[in-house]
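Notes to accompany the following structure.
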Amino acid sequence: MTEAVTRYHVRPAGPLGGTVRAAGMTKNAGCKQLAAALLCPGVSTVRNLDPVADLDVMCELLRAIGARVVWETDDALSVDATGPLVPEAPYELVSRMRASINVLGPLLARHGRARVAMPGGDNIGSRNLDLHARGLQAMGVELDVVHGFIDAHVDALCGARIVLDFPSVGATETLMTAAVMAKGETVIDNAAREPEISDLAAFLGEMGAQVHGAGSHTITIEGVDELTPVDHAVIGDRIEGGTYLFAAVIAGGDVTVEGITVEQLGVAVDKLVDLGARVEPTLDGVRIVMDGRPRAIDVQTLPFPGFATDFMPFAVAALAVADGTGIVTENVFDNRLAFTAELNRMGAHVHTEGRHAVVRGTGRLSGAPVQALDVRAGAALVLAGLVAEGETVVHDARHIDRGYPDLAGKLVALGGDVTRTAG
Ligand code: UD1
């Protein structure tokens, strides 16, 4: 299959204004819930999905496993996981999307067996699976990595007390889905607290699972004998929605993003305010008003409710045009700062040292051809292009398409000058 070459062309067009609606959280929540539909026979439906590239990969993966996946409406997919299922996730799909690992927990719970290729995903540093593995082993799973595949099997999953070294989103999801039908109680301590974990817990709860404490440090799961199919709508995408809030900080203006809440943004709201914006909740979203250049601030990424690592590239782009110098520290992933070299091609002054970036603001970025290294880094370059003199062309935009259903369209709706070309 030859992939279309996609690019974003961006020109400055003044302050932004208006209202956009955040997409459903398809990449980071919907795809995982589709995988969790494998937990029980029958037809489960996931709603409020948007057509991002990662969703296509998850559909292909579920079909390869033996589920029937059908669009029910424009935004709802049904997964018939009656089977028979082949508990194997092939390399060509897993290597395209890290969330493929989310079939591991459900397949072990349903079949006691799973063979999943080691995942790929964004180019943002080493992304281990040791926390997934150790947690599963505590539940009785025998697990080997052979020829690039995780080969896992278990006679009967047993509840266990698991303390995660780090509140990993992926490991928390794997262990939650493995535990829902395990014998006895599972306690996940130092669990991830991201809103998408709470949404997965809601999905599992609607299936009949007994999951308590999602959204806190400690999640307790009482195993049940069987689960039943569900019909669930995913939450709004706080990361996609947050992208437009940062766009307003960079370009100025008055923007409302519907479909997300201030609470889902965590500390990012305080940082938007520190950057100089006024942020307020609306009936169904978040409004941001920004006038003038951003102020320089320091930011460090942390698990939720800390400043999301997915917002970090937007913070760097905002600081690149800020009045003063800010320091950004990336604590969640190694090697997520590589994209700053692309921003520097646009005249930014970012100096990186390991996990730290010193960003000296400039009043003048200049449009340039640049490359998207991952989904958020790519979006950050588009945001920087909103205030860069001349044209910015963001190449390799397939990375952006993994998580944004319509980045160009929504920025245009806000008054930006952005086009996406493919082919
Ligand atoms: C998910 C999101 C990603 C987001 C991240 C943090 C999806 C598809 N991706 O990624 O957009 O940036 O959460 O909010 O939902 N780690 C280990 N061992 C493990 C698991 C993780 O060392 O077993 C490390 C990773 O290498 C990384 C850190 O923990 O440095 C965070 O990873 P994790 O929270 O698991 O993120 P993902 O689920 O991969």
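Data for the structure
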quantity	calculated
Relative contact order (%) - criterion: Cα under 8 Å, at least six apart; region: the stretch 26-233	20
Percent antiparallel among DSSP beta bridges (both partners in the stretch 333-423, rounded to 5)	50
Alpha-carbon Debye profile of the chain, log10 I(q)/I(0) at 0.07, 0.08, 0.14 Å⁻¹	-0.32, -0.42, -1.22
Candidate residues Met118, Met181, Met207: accessible-area rank, largest first, probe 1.4 Å	Met118, Met181, Met207
The chain - percent relative contact order, Cα under 8 Å, separation 6 or more	21
Among beta bridges that DSSP assigns inside the stretch 96-237, antiparallel share in %, nearest 5	75
P(r) weight above 22 Å for the stretch 138-290, C-alpha pairs, percent	53
Distance histogram in 5 Å bins (all Cα pairs of the stretch 26-233, percent per bin)	1, 8, 18, 22, 23, 17, 9, 2, 0
Taking the stretch 153-221 and dividing mean pair separation by its residue count, relative contact order in percent (alpha carbons under 8 Å, at least six apart)	34
Calculated FRET value between Asp225 and His351, using beta carbons and R₀ = 60 Å, to 0.05	0.55
Nearest-0.05 FRET efficiency for His153 and Thr329, computed from C-beta distance (R0 41 Å)	0.50
Beta bridge orientation in the chain: antiparallel %, DSSP, nearest 5	70
Surface per residue (accessible, 1.4 Å probe) for the stretch 26-233, Å²	38
Phe333 - accessible surface, heavy atoms, 1.4 Å probe, Å² rounded to 10	40
GNM top mover of Arg161, Arg376, Arg193 - the chain, alpha-carbon springs below 10 Å	Arg161
Portion, in percent, of the accessible area of the stretch 26-233 that falls on carbon or sulfur, probe 1.4 Å	48
Kirkwood hydrodynamic radius of the stretch 330-423, from inverse mean 1/r over distinct Cα pairs, in Å	13.8
Size of electric dipole in the stretch 77-213: Cβ of Lys, Arg +1 and of Asp, Glu -1, about Cα centre, debye, nearest 20	100
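The values are calculated or read from the model by the stated rules, or taken from the named source; none is laboratory data. Just so it is clear, the model here is predicted, and its values are computed rather than measured. Don't worry about glycine lacking a Cβ; one is built from the backbone with ideal geometry, like all the others, and counts go over all protein chains shown. Quick note on the areas: whole protein, heavy atoms, side chains included, nothing else; ligands and nucleic acids left out. Shrake-Rupley method; radii C 1.70, N 1.55, O 1.52, S 1.80 Å.
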